[in-house]
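Heads up: the structure comes next, in structure tokens.
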Amino acid sequence: MTKTILSRYLDPEVLSHVADRHIEPQGLVVGNLAGAHKSPMSGFAVEFAGHREYVPGDDPKHVDWRVYFTRDKLFVKQYELETNFVCHLLLDISASMRYGEGRHQKMLYAAQMATTLGYSIVRQSDKVSLVSFNDRVVGVVPASNSMAQVVRMTHHLDEIEPADKTNIADCLNEVAGRIGRREIIFVFSDFFGDLDQLEQAVQRLRYNKHEVVLFQILHHDELAFDFDGMIKFMGLEVPDELLAQPEDLRRGYLTALNRFNEQFQDIAQRNGCERVLCDTSRDLRDVLIDYLNLRSQLNRGR
């Protein structure tokens, strides 16, 4: 049973190209275990960072005696502390994520992406949690760096049925209230909603020094509007129906979508976030490889 569930969300072909890729935070992080990432706190371990003046109570073994002999004053060596990081995977499970069939369904595509990234993070001994939400936080799989965490996440995902409307802003604010340290937030959603409220929630996360990555999951139909013939459009989050010829709507729809996406991109740039547009018609392996390559380039440029 567990093996079947795992295979639904973890593709061996994708893992073979992604699992060994190291995911580095793009800033300083604060964890609670020894790890491989720079912490904003100084300690007595790993890499020399500088000196500070000795104060009573400091361990004499950290005194730099060579500095003492040249300056006749006591200074203590400080080192950069390395730490693990915690990544929170926030998955939109509102009704609009139900759109699409098979592996192109937005919900399944987002869940597979989140699980694959979560697997990679746990594999490098960092912690990952999973939060599912629609107009409220529905479920939480608390952070862990155990490989059993991947099983727990996939079991949670397998119990989910996309439903109800989206309220991303309130859910992000609730998550922000639960975490108080520099961590990483990956959000998987179509982000259809009030962008002004979303920006306020993102600003709170960024104020608390969290790294935020916004994975915008859209079906190819939503991006291209390639429909022919008379179509009945049915709302997934509202009970509206519209019978229309797609060619009568295409230009107006694409104009509105482009305006929405431009505003969304501006929000990400203003607040120092990454926004990653994901077309569910693309192979998940290619999307993840492109993202991880871009992430590596950004880290090298810092």
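Looking at this structure, is R136 within 20 Å of the chain's Cα centre (by Cα) and basic (K, R)? When the stated conditions are applied, R136 passes them.
Condition test on H219, is it closer than 20 Å to V138 by Cβ, surrounded by 15 or more Cβ atoms within 10 Å (Cβ to Cβ), touching a Gly at 6+ places or on another chain (Cβ under 6 Å) and at pLDDT 95 or above? No, not satisfied. Listed by first and then second residue, the pairs linking a residue in the range 126-141 that is within 11 Å of L90 (Cα to Cα) to a residue that is assigned to a loop (DSSP other than H, G, I, E, B) and open to solvent by 10 Å² or more (accessible area, probe 1.4 Å), with Cβ atoms under 7 Å apart and 6 or more places separating them unless they lie on different chains, are S132/I160; N134/A163; N134/D164; N134/K165; N134/T166. All conditions but one from (1) open to solvent by 50 Å² or more (accessible area, probe 1.4 Å); (2) aliphatic (A, V, I, L, M); (3) over 27 Å from L108 (Cβ atoms) apply to A244; the one that does not is (1).
Residues that are over 15 Å from Y99 (Cα atoms) and of a type in the set (D, E, K, R) within the range 227-240 comprise D228, D240, listed in sequence order. Cβ-Cβ contacts under 8 Å between residues 6 or more apart (or on different chains), taken from a first residue in the range 228-253 that is on the phi > 0 side of the Ramachandran plot and small (G, A, S) to a second residue that is surrounded by 12 or more Cβ atoms within 10 Å (Cβ to Cβ) and assigned to a loop (DSSP other than H, G, I, E, B), are listed as G229/Q245.
Can you find a residue in the range 228-238 that is at pLDDT 90 or above, open to solvent by less than 80 Å² (accessible area, probe 1.4 Å) and not aliphatic (A, V, I, L, M)? No: the range 228-238 contains no residue that is at pLDDT 90 or above, open to solvent by less than 80 Å² (accessible area, probe 1.4 Å) and not aliphatic (A, V, I, L, M). In the range 247-257, which residues are surrounded by 14 or more Cβ atoms within 10 Å (Cβ to Cβ) and at pLDDT 95 or above? Answer for the range 247-257, where residues must be surrounded by 14 or more Cβ atoms within 10 Å (Cβ to Cβ) and at pLDDT 95 or above: just L257. Among the strands (runs of 3 or more DSSP E) confined to the range 184-293, the ones with at least 2 residues that are within 18 Å of the chain's Cα centre (by Cα) are located at 184-189, 211-218, 274-279.
Residues in the range 285-295 that are in contact (Cβ under 8 Å) with a residue 60 or more places away in the chain and open to solvent by 20 Å² or more (accessible area, probe 1.4 Å): 2 in all. Scanning the range 162-183 for residues that are outside any loop (DSSP other than H, G, I, E, B) and among the polar types (S, T, N, Q) yields a single hit, N173. The set of residues in the range 142-168 that are within 20 Å of L257 (Cα to Cα) and either open to solvent by less than 70 Å² (accessible area, probe 1.4 Å) or among the acidic types (D, E) (or both) comprises T166, N167, I168. Here I184 meets each of (1) farther than 24 Å from T116 by Cα; (2) open to solvent by less than 10 Å² (accessible area, probe 1.4 Å) with one exception, condition (1). Can you tell me which residues in the range 258-276 are touching a strand residue (DSSP E or B) at 6+ places or on another chain (Cβ under 9 Å) and open to solvent by less than 80 Å² (accessible area, probe 1.4 Å)? The answer is N261, F264, Q265, I267, A268, N271, G272, C273, E274, R275, V276.
The values are calculated or read from the model by the stated rules, or taken from the named source; none is laboratory data. Note that the coordinates shown come from a computational prediction; the quantities given were computed from them, not determined experimentally. Ideal geometry is used to build each Cβ from the backbone, glycine not excepted, and the neighbour counts take in all protein chains shown. SASA here: full protein model, heavy atoms, side chains in, ligands and nucleic acids out. Shrake-Rupley method; radii C 1.70, N 1.55, O 1.52, S 1.80 Å.
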